[in-house]
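Student: Have a look at this one before I ask anything.
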Amino acid sequence: MDTTGNTGGSVRERVGETEWQVRKDLAALYRLVALFGWDDLIFTHITAKVPGTEHFLINPYGMMFDEITASSLVKIDLDGRKVMESEYDINPAGFTIHSCIHAARKDAMCVLHTHSINGVAVSAQKEGLLPLSQFAFIVLRSLGYHDYEGLALNPEEQPRLVRDLGSNSYLILRNHGLLTVGQSMAEAFQAMHRLEAACMVQVRAQAGGELTYIPPDILKNATVESQADRAHKAMLAWPGLLRRLDRRNPGYAE
């Protein structure tokens, strides 16, 4: 149901420049997740806050990630109600996971959740992410874990999700998948790229010979990457990622 009274005309005509830019970046992020092979048909979700509101954008349930456009994203409030009409429903699990994080973390403008094979494999390992690579070295400084509680449909799980993420940028949902947050789509993607790479390296390294761990004293002296550094590195990579997407799967900005 549309609770805004804002009907008629295209989505582009009914939203401001700021929201339209968020929509374009989020649609691009969905397609990049598909391009990098992290999608799970229609069954995971990425959300982005609409700046200056308590509304956020989520994928139309039923569309493949490589089909999503800026106009097709569904705008909902923190109670899961549509605030702009859409022919699509939303994934209930996506609402359960994402709404509580957006509500609790004002810096979490984008929440990215995947069920990648490497990520789920590491999430099923008792020791979780191991200090085997530089990717892991960066991630381990800001990583939380959340125990599996079944399909994410129970609102009673939300406080524990928020608690286990804490102030971190990365979360491994045990037996389930991966989650990252960022102040932009670029940051959330950069974080997921690192976390996914760390998981991929771990799975491949475990299939080989004896493992070499990063020394404990090196890990102990590591510092959490600053927000300024995260933003700078993410924005250096983001334009190139969009150019790659424009070459391989254009149309996300429609």
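The values are calculated or read from the model by the stated rules, or taken from the named source; none is laboratory data. Just so you know, these numbers come straight off a predicted model, no measurement behind them. Positions of Cβ are generated from backbone atoms using ideal geometry, with glycine treated the same way; all protein chains shown enter the neighbour counts.
Student: Of all residues in the stretch 37-73, which are under 20 Å from Ser184 (Cβ atoms) and of a type in the set (A, V, I, L, M, F, W, C)?
Tutor: Trp38, Ile46, Ala48, Val50, Phe56, Leu57, Ile58, Phe65, Ile68, Ala70, Leu73
Student: Let me ask something else about it. Answer yes or no: is there a residue in the stretch 78-88 that is within 16 Å of Ser184 (Cα to Cα) and in contact (Cβ under 8 Å) with a residue 24 or more places away in the chain.
Tutor: no
Student: Tell me whether the stretch 118-140 contains one or more residues that are under 22 Å from Ala103 (Cβ atoms) and in contact (Cβ under 8 Å) with a residue 60 or more places away in the chain.
Tutor: So far as the stretch 118-140 goes, no, none of its residues is under 22 Å from Ala103 (Cβ atoms) and in contact (Cβ under 8 Å) with a residue 60 or more places away in the chain.
Student: For the stretch 208-225, state whether one or more residues are surrounded by 15 or more Cβ atoms within 10 Å (Cβ to Cβ), among the hydrophobic types (A, V, I, L, M, F, W, C) and under 26 Å from Leu73 (Cβ atoms).
Tutor: no
Student: Within the stretch 1-40, track down each residue that is surrounded by fewer than 14 Cβ atoms within 10 Å (Cβ to Cβ), in a loop (DSSP other than H, G, I, E, B) and modelled with pLDDT of 95 or more.
Tutor: If the condition is that a residue be surrounded by fewer than 14 Cβ atoms within 10 Å (Cβ to Cβ), in a loop (DSSP other than H, G, I, E, B) and modelled with pLDDT of 95 or more, then Gly37 is the only one that fits.
Student: Being touching a Gly at 6+ places or on another chain (Cβ under 8 Å), of a type outside the set (Ser, Thr, Tyr) and in contact (Cβ under 8 Å) with a residue 40 or more places away in the chain narrows it down to one of Ile46, Ile58, Ile68, so name that one.
Tutor: Ile58
Student: So, one more: Pick from the stretch 185-226 the residues that are closer than 30 Å to Leu26 by Cα and polar (S, T, N, Q): which of them is farthest from the chain's Cα centre (by Cα)?
Tutor: Thr223
Student: Note down all Cβ pairs under 7 Å where the first residue falls in the stretch 152-163 and is polar (S, T, N, Q), the second is at pLDDT 90 or above, and they're at least six residues apart or on different chains.
Tutor: Gln158/Cys100
Student: Go through the stretch 41-55 and count every residue that is crowded, with 16+ Cβ neighbours inside 10 Å, over 18 Å from Leu153 (Cα atoms) and in contact with a helix residue (DSSP H, G or I) (Cβ under 7 Å, 6 or more places away or on another chain).
Tutor: 3
Student: Let me ask another. Name every residue in the stretch 56-68 that is in a loop (DSSP other than H, G, I, E, B) and crowded, with 20+ Cβ neighbours inside 10 Å, in order of residue number.
Tutor: Asn59, Ile68
Student: Criterion first (of a type in the set (A, V, I, L, M, F, W, C) and either in contact with a Cys (Cβ under 6 Å, 6 or more places away or on another chain) or more than 19 Å from Leu165 (Cβ to Cβ) (or both)) does Ala207 satisfy it?
Tutor: Against the criterion (of a type in the set (A, V, I, L, M, F, W, C) and either in contact with a Cys (Cβ under 6 Å, 6 or more places away or on another chain) or more than 19 Å from Leu165 (Cβ to Cβ) (or both)), Ala207 qualifies.
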